[in-house]
Amino acid sequence: MSQDKATAKSTNETRPKGVQTTGHVWDSDLQELKNPLPRWWVWAFYITAIFTVVYWLFYPAWPIGNTYTKGIPGLNSITYTATQVDGTQVEKTTHWNMRAKYMVEMNELHAAQRQWFDKVAATPYEQISQDAELMQFVTSAGKTLFSDNCAPCHQAGGQGVIGFSPNLTDDHWQYGGTYEQIHETIVQGRQGYMPPFKDVISDEEITQLANYVLSLSGEPHEAEAASVGAKLFKSDTTACYYCHGVDAKGKEGLGSANLTDKIWLWANVPAIKTQEDKVKEIKNIISAGLNRGVMPAWDARLKPDQIKLLTVYVHESLGGGK
């Protein structure tokens, strides 16, 4: 048998059954198979190629200099409502793009929410809290409004920051915790102020006042100094009682702190370990006064229905409302 016939015989014996080859053979048994792509895959490829060409014609696709192809006019236009700088709303029609599509979806979402905001605006506070379905919307939308506008100061959970912003989750409300009082606080804002006493009374008297303030909430203090400080507190020299009340429980109309509870806003006294440092912390506040309790007015930043929804959210969802 010739070498060529032997090679052909060997090739035939090693050829896979039912599969054609190109006839090319290397090293006696290494063949190049002829195995075409599945027909469905070929047709899918053709369809995607055709789809690509059609898409280029219908929609914006190719960049050209400082612009791009706009597609076939009228076939890919999209209309949406846009809010201008002055607050007015206008309808705009443009070629299809992701920003316009996003605006359309946002408009649809706002339209769906609008009925709920209108219902909140038309329902008395007490009835809102009794409506489970309405409260579900208040909780959801209120959390978003609070996060966007209030959380930077009051924190995401409303717990506040000692020395900076009040805790909205407890039962202490400087300006009152009723629906009407919370609404007024949001609309008008607040401007807390306590005058400095470093030029009014002596350092010794400030120390005595500090001890009295500590005694009011059961913190460690010097009893004799606190006794003298009690008289100073109610005297016309300092007139502390004028803002904080004779009973030192504060006045909601003025936003003055209740000094008899264990809730501290401007000084984290419970976290201070020694009596000496506690006295020093209170003395610093009495000496320098306070001008940090500033909350901006939101009547020009939020719509009335948003303010009402926030009022209910703070009162009902954060807790502590009266």
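Please treat every number below as a calculation from the coordinates, not as lab data. Worth saying up front: this structure is predicted, and the values here are computed from it rather than measured. For neighbour counting, all protein chains shown are included, and Cβ atoms are generated from backbone atoms with ideal geometry for every residue, glycine included.
To the nearest Å, what is the center-to-center distance of region 253-270 and region 27-65, using C-alpha atoms only?
Cα centroid of region 253-270 versus Cα centroid of region 27-65: 74 Å apart.
Nothing charged except the Cβ atoms of Lys and Arg (+1) and of Asp and Glu (-1): what's the magnitude of the dipole of the chain about its Cα centre? Round to the nearest 20 debye.
1560 debye
Within region 210-229, find all residues whose amide N lies under 14 Å from a label point positioned 7 Å from the Cα of Ser235 along Cα-to-beta-carbon.
210, 212, 225-229
Can you run the Rg to Rh ratio on region 200-265? Use alpha carbon positions and the Kirkwood inverse-distance Rh.
0.95
For a quick check: sort Ile50, Ile162, Ile282 by the number of other beta carbons within 10 angstrom, fewest at the front.
Ranking Ile50, Ile162, Ile282 by Cβ neighbours within 10 Å, fewest first, gives Ile50, Ile162, Ile282.
Using a basic spin-label model with each label point 7 Å from the Cα along Cα→Cβ, how many nm lie between Ile50 and Gln159?
Each label point lies 7 Å from its Cα, and together they span 6.3 nm.
For region 113-210, what is the charge dipole size about the Cα centre, in debye to the nearest 20, if Lys and Arg each add +1 at the Cβ and Asp and Glu each add -1 at the Cβ?
My answer is approximately 440 debye.
Can you sort His154, His172 by how many other beta carbons sit within 10 Å, fewest first?
By the 10 Å Cβ count, ascending: His172, His154.
Find the relative contact order for region 166-319 and round it to a whole percent, using C-alpha pairs within less than 8 Å whose residues are 6+ positions apart.
39 percent
Report the rotationally averaged projected area of the chain based on its alpha-carbon convex hull, in square nanometres.
Seen from a random direction, the Cα hull of the chain projects 35.7 nm² on average.
Please compute the contact order of region 96-222 in relative form: average sequence separation of alpha-carbon pairs under 8 Å and at least six residues apart, divided by the residue count, as a percent.
Relative contact order here is 8 percent.
Scan around Ala267 for amide H atoms under 5 Å from its own, H built in the peptide plane at 1.01 Å from N, and keep only partners 5 or more places away or cross-chain.
Correct list: Gly163.
Compute the FRET efficiency between Arg39 and Ala121 as 1/(1 + (r/R0)^6), taking r as their Cβ-Cβ distance and R0 = 45 Å, and round to the nearest 0.05.
Taking R0 as 45 Å, the efficiency between Arg39 and Ala121 is 0.10.
With r as the distance between the Cβ atoms of Ser147 and Lys280 and R0 = 35 Å, compute the FRET efficiency 1/(1 + (r/R0)^6) and round to 0.05.
0.40
Over 20 Å between Cα atoms: which of Lys234/Lys283; Lys249/Lys280; Lys198/Lys280; Lys143/Lys262; Lys92/Lys143 fall into that group?
Correct reply: Lys249/Lys280; Lys143/Lys262; Lys92/Lys143.
Determine the relative contact order of the chain: mean sequence separation of Cα pairs under 8 Å and six or more apart, normalised by residue count, in whole percent.
Once normalised by length, the contact order is 18 percent.
Considering amide H positions built from the backbone, and no H for Pro or chain starts, which residues 5 or more places from Phe197, or on another chain, come under 5 Å of its amide H?
Ser287, Ala288, Gly289
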